[in-house]
Amino acid sequence: MDSTRSTSRPARRHRRQPRTSSARTLAQLLVAVFVLVQLTCSSTTAYPTRRAATPSTTSHLYAPARKSFGPALTHATYRHALPRRPGTANNVATGALEYLTPVSGAPAGEIAAAFVAATVGVPVDEVVVMASHRSEHTGVSHVYLRQVKGGVEVANADANVNIDRLGRVISYGEAFFRGSVPTAPSLVAVAETAAPLQLHQAGNGAQHASSPTAVDSATSAVKIDPVAGYHALLRHLGMHDAVAQTSAAAFRLDPAMSTTTSTKHKLFRGTIARPAHAESDVVVGMTYLQTSSTSAKLVYEYEVELRDNWYHAHVCAATGAVESLVDWVADAASYEVYPIGVNDPDDGDRVRVKRPELVRASPDGWHSDRTTIGNNVIAQENLSGKADALLKEGELSAAYRPRSGHKLHFHYDIDFAKNPKSYLDASITQLFYMNNMLHDLFYAYGFTENAGNFQADNFGRGGVAGDPVVAFAQDGSGYNNANFATPPDGKNGKMRMYVWNTVVPNRDGDLENGIVIHEFGHGVSNRLTGGPHNSGCLAWGESGGMGEGWGDVWATIFRHRSADRARRDYGPWHMGKYANGGTTGIRKYPYSADMDVNPSTYSFLNHQGYWGVHAKGEVWASILLEVYWNLINDLGWTGDWKSAAVDKGNTLFNQLVVDGLTMQPCRPTFLDARSAILQAEAVLTGGRHACAVWRGFAKRGLGVDAQRIAGKNPWDDDTRIDGFSVPDECRS
Ligand SMILES: [Zn+2]
């Protein structure tokens with residue numbers, strides 16, 4: 001950011017951080033032990049290998065949440081009858097569709113169960129309807145089935161069947177189990193194995209009867225008791241201190257729980273009385289779990305509600321290996337924020353944004369827990385303005401963050417009559433949201449793991465992991481500014497947002513999206529230019545100026561709304577106007593296509609007052625925005641930034657900018673950056689929009705006849721000559 005009137009700390013610094021800890025080493029050992037144990041339980045169990053694929057130097061800043069995983073069922077299928085060849089004249093013209101079953105008047109559940117039983121070849125009495133509903137707008141019934149063996153469910157043997165209004169199956173998916181399961185133990189057998197739990201004393205005597213053979217088989221499938229299985233789960237979660245908080249005596253069998261649809265297909269249900277580390281009783285059951293189409297085992301099933309996670313886990317009853325883990329918390333994040341398209345509190349209202357993540361960019365969502373810690377961004381307050389020490393592991397985890405309930409709802413009030421500290425939760429939420437949005441948005445344009453983006457876990461997709469953006473809201477180390485530090489890939493980007501004291505009550509830069517966008521933009525342009533390992537390519541001179549300019553460009557275009565297209569002057573757009581008190585921005589000129597409002601041209605760089613990077617950046621942004629406006633004039637505009645569509649002006653522009661960053665050399669000049677964007681256009685759209693790009697550059701002096709005459713000093717003694725011409729083929 002940097003306003004013209006204030007100075008602050010250097011924008012970029014490299015800092016070496018401690019990369020090992022004894023706790024980490026212990027955790028790795030335990031993980032290794034569990035992998036070995038698991039191999040004895042099943043050689044086909046899918047284990048989350050992608051975490052192991054990232055370098056061991058990742059995620060030192062916080063304890064990473066254990067991610068959801070489970071057996072990979074390669075036999076899972078999804079089949080649908082329509083349309084077999086989408087878009088062919090045959091289907092379109094006749095509407096003739098092939099159905100998987102004929103018309104039927106039977107209830108949907110019966111149709112579905114019979115269909116799946118016949119298709120997969122399992123007995124009808126092994127198929128149970130877990131849920132069913134009919135969509136009013138399509139008339140399609142959606143039936144959800146689970147397979148049971150001897151009345152006990154195979155927890156991950158699911159099927160879904162879709163049936164049209166005439167009772168015809170139109171599609172289905174299934175991953176039913178094809179093999180034979182271990183014989184289920186009686187509760188007596190479980191009790192004998194699990195002594196001293198004495199499960200049989202807790203009731204449910206009907207299940208005592210069991211053949212000796214069954215008991216023998218069962219005792220091989222059940223070797224640990226429910227509490228020992230829970231301890232194994234706690235160790236998997238890294239909660240070693242919690243193990244001692246749960247003793248065997250805490251387990252209670254609960255016969256009454258075997259009555260509802262969702263619980264009756266368990267071998268048993270029970271609870272572990274609420275341990276100190278949990279929010280409620282731990283729910284325990286026993287089911288089968290398939291690890292492949294023909295291999296299954298008996299598992300303990302746990303529902304564990306913790307402060308930051310709510311786990312549903314299956315643990316091998318023979319070995320204690322964790323076979324699957326689902327965190328229910330990650331499901332429904334919602335943020336009350338100024339969304340992309342609303343720049344600040346003067347520009348529009350906050351809205352509740354639900355599930356905004358782009359799944360391929362953030363496959364595990366934005367949160368690692370119920371606070372503003374996640375794979376892309378770790379956001380917190382820094383009122384005290386601590387600098388070096390704060391990045392140490394312990395102190396960062398102790399920093400204040402808003403904490404949501406189970407549903408990851410981050411909805412906080414703002415009273416603008418008060419100073420920013422009073423709405424810290426809303427500020428951190430805004431900062432977390434915006435950084436994550438930008439992570440996902442730029443991911444769609446190619447700022448991916450390989451390109452050096454900011455992530456704790458790179459999911460084995462390349463690049464160096466271990467570097468989410470650490471974003472400080474209301475950072476007390478300065479006023480009226482913001483900054484972003486971009487070390488090479490693998491080291492955390494660091495964003496500091498300041499409070500602005502130019503008016504009373506003070507204003508919070510965190511609430512002006514344009515400032516956050518500008519700062520995040522430094523991370524994007526620095527990592528993309530000259531390679532992710534080289535963060536020194538936009539440090540000074542024209543390249544440093546463009547580093548500021550790209551940030552202003554993104555801040556300006558991401559606030560664009562559909563109605564703005566009708567404004568022929570495209571502006572004026574101010575940088576930092578809200579934070580700075582609401583009357584004037586912090587650049588010399590606001591951004592506008594009107595030369596009377598913003599007269600900037602290439603040769604302005606020769607002038608006194610244009611030696612600093614922010615002034616140079618204004619010129620670059622003013623030039624580049626002309627390209628943007630030309631492209632939306634030609635191709636229109638879409639509000640769906642994450643589409644990265646090449647047939648819309650704004651998204652094509654952003655793609656060309658990102659591709660240009662990737663292609664331009666380290667320490668580029670304005671002319672280099674212009675050439676890279678033109679080359680990007682040629683590669684992507686074959687020159688179709690080259691003249692629109694050229695006309696944009698030429699309008700502000702960066703046409704084909706622009707010249708740069710190098711002076712004796714590389715940073716500020718050059719002479720630029722405006723060139724307003726376009727190539728011959730663009731003259732019309
Ligand atoms: Zn800046």
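The values are calculated or read from the model by the stated rules, or taken from the named source; none is laboratory data. All values derive from a computational prediction rather than experimental measurement. Don't worry about glycine lacking a Cβ; one is built from the backbone with ideal geometry, like all the others, and counts go over all protein chains shown. Side chains are part of the model used for accessible areas, which takes the heavy atoms of the whole protein and leaves out ligands, DNA and RNA. Shrake-Rupley method; radii C 1.70, N 1.55, O 1.52, S 1.80 Å.
The calculated FRET efficiency for residue 124 paired with residue 165, based on their beta-carbon distance and R0 = 22 Å, is about 0.35.
Under 5 Å between amide hydrogens, built in the peptide plane, is the criterion, and for residue 127 it picks out 148 among residues at least 5 positions away or on other chains. When the Cα gyration tensor is reduced to axis lengths a ≥ b ≥ c, the ratio a/c is 1.5 or higher for segment 540-732, and with a/b not above b/c it is classed as oblate.
On full extension, the segment bounded by residue 479 and residue 563 gains 26.8 nm, given 0.36 nm per residue less the C-alpha separation. Within straight-line reach of residue 648, meaning a Cα separation under 24 Å, sit the following lysines at least 8 residues removed in sequence or on another chain: 699.
When a 1.4 Å probe is rolled over the protein heavy atoms, the share of accessible surface on segment 335-485 that falls to carbon and sulfur comes to 47 percent. Computed from the C-beta positions of residue 633 and residue 728, the FRET efficiency with R₀ = 22 Å rounds to 0.50. Each peptide in 399-410, 438-449 receives the mean, over its residues, of other Cβ atoms within 10 Å, and ordering these scores from highest gives 438-449, 399-410.
From most to least packed by mean Cβ count within 10 Å, the peptides 648-659, 117-128, 586-597 give 648-659, 586-597, 117-128. Charge dipole (Cα centre; +1 on Lys/Arg Cβ, -1 on Asp/Glu Cβ; no other charges) of segment 540-732 amounts to roughly 380 debye. Label residue 294 and residue 597 with points 7 Å out from Cα along Cα→Cβ: what is the distance between them in nm? For residue 294 paired with residue 597, the spin-label model returns 7.1 nm. Measuring r between the beta carbons of residue 349 and residue 180 and using R0 = 60 Å, the FRET efficiency lands at 0.50. Pairs from the table (407/494; 354/491; 354/421; 223/266; 588/642; 149/407) lying more than 22 angstrom apart at Cα are 407/494; 354/491; 354/421; 588/642; 149/407.
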